[in-house]
Amino acid sequence: CGSPHQHPKTSCQVVPLELSLVPGSTCEGLGSADSRRFSAPAVRASVTSRYEMRYRSTTGQEEAALAAATAREADAALHPLQDTTLGSLTMYVISETSSLLPQGINVYVGKHRSALVRAGGSLAALQARLREVAQVMSFTASSIAAALSDRVPDGQLSPDARRDLKSSLGYEITFSLLNPDPKSHTVDWDIEGAVNRYVKPVLDKLSLLANFSVDSQILYYAVLGVTPRYDKESSSFLLSAHSLPHVINPVEARLGSSAASLYPVLNFLLYVPERSHSPLYIQDKDGAPVSTNAFHSPRWGGIMVYNVETPASPQASLPLHVDVDMARVMEVFLAQLRLLFGLSREEVPPEFLLESPGNEGLADWELDHLLWAHTVENIATVSTTLTSLAQLLDKIGNIVIKDDVASEVYRAVASVQSAVTKLSLGQLHAAFQASKEAVTSSERAFFDPSLLHLLYFPDDQKFAIYIPLFLPMAVPILLSLAKIVRETRLRKKEPTKMD
């Protein structure tokens with residue numbers, strides 16, 4: 001990766017990778033390192049990655065854990081024996097005839113920081129498989145490009161690269177229950193209990209990434225703003241895929257959560273359709289009903305439609321009492337939360353088996369995946385902010401830089417250099433913390449009040465404001481000065497009387 005003291009625009013990510021060779025797996029001749037360079041097109045920022053591989057034989061405790069009946073049990077038994085450092089990976093190369101992995105599965109990725117890899121095929125095939133596993137569990141060229149997507153001109157990246165949430169020091173999560181017809185439905189939802197049971201374990205794990213705050217609200221008479229289409233065959237109302245983008249703006253006007261927020265707001269809306277539009281179903285682009293009856297908007301949040309069962313008796317008293325099944329709702333919202341952060345598992349090869357993270361919402365290696373991407377993004381953000389600040393100072397010649405602003409700039413530069421150094425040493429947690437400090441210091445310097453008013457009131461605007469005020473007073477003053485000059489000249493020309 002070169003010198004650790006390199007330019008912030010060229011950073012090196014080192015992934016400590018430990019290969020544990022089980023007796024009976026022929027793995028002699030594996031290379032000691034794998035280096036690659038990732039770069040986003042049209043961006044003067046490249047990221048060099050290197051996997052530092054260390055080889056050893058399995059210990060007695062690890063062999064006992066690998067003798068478990070299933071890969072899930074082996075993963076749970078191996079977890080206390082592994083290196084739990086953020087960003088580190090441990091791969092156990094097992095024999096080709098091992099029954100630990102199911103038929104047709106060559107790689108098992110657990111929910112911590114380890115994987116089981118079958119040692120089948122040639123040595124080159126095993127090397128390629130190990131490299132693929134390392135990229136799945138750490139970062140790929142697409143994840144780096146997505147982290148730098150905001151610095152790439154339009155048209156040079158796929159739209160999917162701009163879908164993930166951008167790095168921030170904090171996020172605000174808002175759960176909203178929309179009841180457009182309170183005369184027909186009285187809806188009760190145990191949002192506090194659901195947050196403590198389903199959301200809190202996920203946010204506890206994501207607390208390394210950023211600060212999170214959660215709130216909830218109930219909005220009455222809040223409609224989607226799009227009239228659904230009635231389908232006679234199913235006797236239901238349908239929302240087509242092309243009408244979904246028009247749903248968000250009318251609803252967002254009622255939320256009011258992002259008006260006073262300093263951080264990005266993630267909105268999760270549970271919509272109970274009014275009685276005249278029930279049941280309501282969402283269709284995908286092919287016209288098929290969406291199984292979850294929900295959709296999400298990148299960098300914004302998600303909406304789920306919760307249909308209420310129609311009473312058998314038409315003379316049923318109104319309003320109907322509805323108890324929301326929070327387990328079903330939170331399952332959808334947590335899946336949408338993963339999509340918002342870019343934790344999708346759709347591109348995994350068929351020979352890979354990924355363990356479900358369970359109640360924690362994301363695996364340990366998925367958290368590392370986010371930390372890698374956000375660290376790179378923070379370094380690029382600091383570079384852009386300091387460059388913009390330098391350009392601003394060059395444009396304003398009479399600007400005065402206060403000592404506190406200068407200290408923030410020096411602190412930002414030192415922190416971003418420390419982040420690059422820590423990345424090159426494979427210290428992910430320290431690199432991420434340094435990149436967060438660099439972002440904080442650079443934004444404090446750029447948005448300092450002593451510089452902000454000069455940005456909006458340059459000299460040419462000052463002249464445009466003050467000249468109309470002083471010009472009417474300047475005209476008589478200039479005429480008086482001209483009169484005084486003429487009278488002085490006339491006095492000098494008059495002959496002096498001699499006695």
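The values are calculated or read from the model by the stated rules, or taken from the named source; none is laboratory data. As the structure is a prediction and not an experimental result, all values here were calculated from the model. Neighbour counts run over all protein chains shown; Cβ positions are idealised from the backbone, glycine included. We work out accessible area using only protein heavy atoms, side chains counted, and drop any ligands, DNA or RNA first. Shrake-Rupley method; radii C 1.70, N 1.55, O 1.52, S 1.80 Å.
Yes or no: segment 411-420 includes at least one residue that is within 23 Å of the chain's Cα centre (by Cα) and open to solvent by 80 Å² or more (accessible area, probe 1.4 Å). Yes, there is a match, as at least one residue in segment 411-420 is within 23 Å of the chain's Cα centre (by Cα) and open to solvent by 80 Å² or more (accessible area, probe 1.4 Å).
Hand me the list of strands (runs of 3 or more DSSP E) wholly inside segment 225-330 holding 2 or more residues that are under 26 Å from the mean Cα position of the chain (by Cα) and not hydroxyl-bearing (Ser, Thr, Tyr).
265-271, 294-297, 301-305
Scanning segment 178-194 for residues that are assigned to a helix (DSSP H, G or I) and surrounded by 19 or more Cβ atoms within 10 Å (Cβ to Cβ) yields 191, 194.
Residues checked against (1) of a type in the set (Asp, Glu); (2) buried (at least 16 other Cβ atoms within 10 Å of the Cβ):
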position: 340; (1), (2): no, yes
position: 350; (1), (2): no, no
position: 357; (1), (2): no, yes
position: 366; (1), (2): yes, yes
position: 369; (1), (2): no, yes
position: 402; (1), (2): no, no
position: 408; (1), (2): yes, yes
position: 444; (1), (2): no, yes
position: 447; (1), (2): no, no
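Quick check on residue 405: is it farther than 30 Å from residue 17 by Cβ and at pLDDT below 90? Considered against the rule, which asks whether it is farther than 30 Å from residue 17 by Cβ and at pLDDT below 90, residue 405 comes out as yes. Here segment 183-206 is the region considered, the condition is being among the polar types (S, T, N, Q) and touching a Leu at 6+ places or on another chain (Cβ under 9 Å), and the residue that is nearest to residue 338 (Cα to Cα) is 186.
Of the residues making up segment 203-224, just one is in a strand (DSSP E or B), over 26 Å from residue 246 (Cβ atoms) and hydroxyl-bearing (Ser, Thr, Tyr), namely 213.
Restricting attention to segment 57-94 and to residues that are hydroxyl-bearing (Ser, Thr, Tyr) and in contact with a helix residue (DSSP H, G or I) (Cβ under 9 Å, 6 or more places away or on another chain), the residue that is nearest to residue 119 (Cα to Cα) turns out to be 92. Scanning segment 273-286 turns up no residue that is among the aromatic types (Phe, Trp, Tyr) and open to solvent by less than 30 Å² (accessible area, probe 1.4 Å).
Identify, please: which residue in segment 442-464 is not in a helix (DSSP H, G or I) and not acidic (Asp, Glu) and is, among those, modelled with the highest pLDDT? For segment 442-464, the residue satisfying everything is 447.
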